[in-house]
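Undergrad: What follows is a structure written as structure tokens; I'll ask about it next.
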């Protein structure tokens, strides 16, 4: 006995749906790749704390006692950086850092950068 196949227009997975899914997946993966490619990578050289900091890598050991007012984001950067605290430095809210902190030597401070706000947010 033969069974009648269901109407293909009623199936949840039609060719149009597959095309839409693949298009959405490609867009999502392009966004992920862009996010990964705009983040700086690896451990950089030691930096002395200063009013203006210019990180070049994802992680820096930061020495010194000067207050940090500004962190200059590399062009096209979004994401976070880590400063390993090697001195009694602090941050201020004078420029593009959202909160003033005085981290403890031997800890790590993660700064999240939000390009839309042009601000670094410390997670101490």
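The values are calculated or read from the model by the stated rules, or taken from the named source; none is laboratory data. These numbers come from a predicted model, not from an experiment. Glycine also receives a Cβ, built like all others from the backbone with ideal geometry; neighbour counts cover every protein chain displayed.
Undergrad: In the stretch 67-76, which residue that is closer than 16 Å to residue 122 by Cβ, in a loop (DSSP other than H, G, I, E, B) and free of Cβ contacts under 8 Å to residues at least 40 places away in the same chain is farthest from the chain's Cα centre (by Cα)?
TA: Within the stretch 67-76, the subset closer than 16 Å to residue 122 by Cβ is 67-73.
Adding the requirement that they be in a loop (DSSP other than H, G, I, E, B) leaves 69, 72-73.
When the remaining residues are screened for being free of Cβ contacts under 8 Å to residues at least 40 places away in the same chain, the result is 69, 72.
Details: 69: 20, 72: 14 Å.
If we take residues in the stretch 67-76 being closer than 16 Å to residue 122 by Cβ, in a loop (DSSP other than H, G, I, E, B) and free of Cβ contacts under 8 Å to residues at least 40 places away in the same chain, then 69 is farthest from the chain's Cα centre (by Cα).
Undergrad: Answer yes or no: is there a residue in the stretch 25-41 that is assigned to a strand (DSSP E or B) and either in contact (Cβ under 8 Å) with a residue 40 or more places away in the chain or touching a strand residue (DSSP E or B) at 6+ places or on another chain (Cβ under 9 Å) (or both).
TA: Just the residues of the stretch 25-41 that are assigned to a strand (DSSP E or B), to begin with: none.
No, because not a single residue in the stretch 25-41 is assigned to a strand (DSSP E or B) and either in contact (Cβ under 8 Å) with a residue 40 or more places away in the chain or touching a strand residue (DSSP E or B) at 6+ places or on another chain (Cβ under 9 Å) (or both).
Undergrad: Run down 111, 121, 83 and say which single residue is part of a strand (DSSP E or B) and loosely packed, with under 15 Cβ neighbours inside 10 Å.
TA: Working: 111 fails: loosely packed, with under 15 Cβ neighbours inside 10 Å; 83 fails: loosely packed, with under 15 Cβ neighbours inside 10 Å.
Result: 121 is the single residue among 111, 121, 83 that is part of a strand (DSSP E or B) and loosely packed, with under 15 Cβ neighbours inside 10 Å.
Undergrad: Among (1) buried (at least 16 other Cβ atoms within 10 Å of the Cβ); (2) at pLDDT below 95, which single condition is residue 62 missing?
TA: That leaves (2) as the condition not met.
Undergrad: Enumerate the pairs (first residue in the stretch 99-113 and outside the structural domain of residue 64 (by TED's automatic domain parsing); second residue anywhere and surrounded by fewer than 14 Cβ atoms within 10 Å (Cβ to Cβ)) with beta-carbon separation below 8 Å, excluding pairs fewer than 6 apart on the same chain, so at least 6 apart or on different chains.
TA: Close Cβ pairs satisfying both conditions: none exist.
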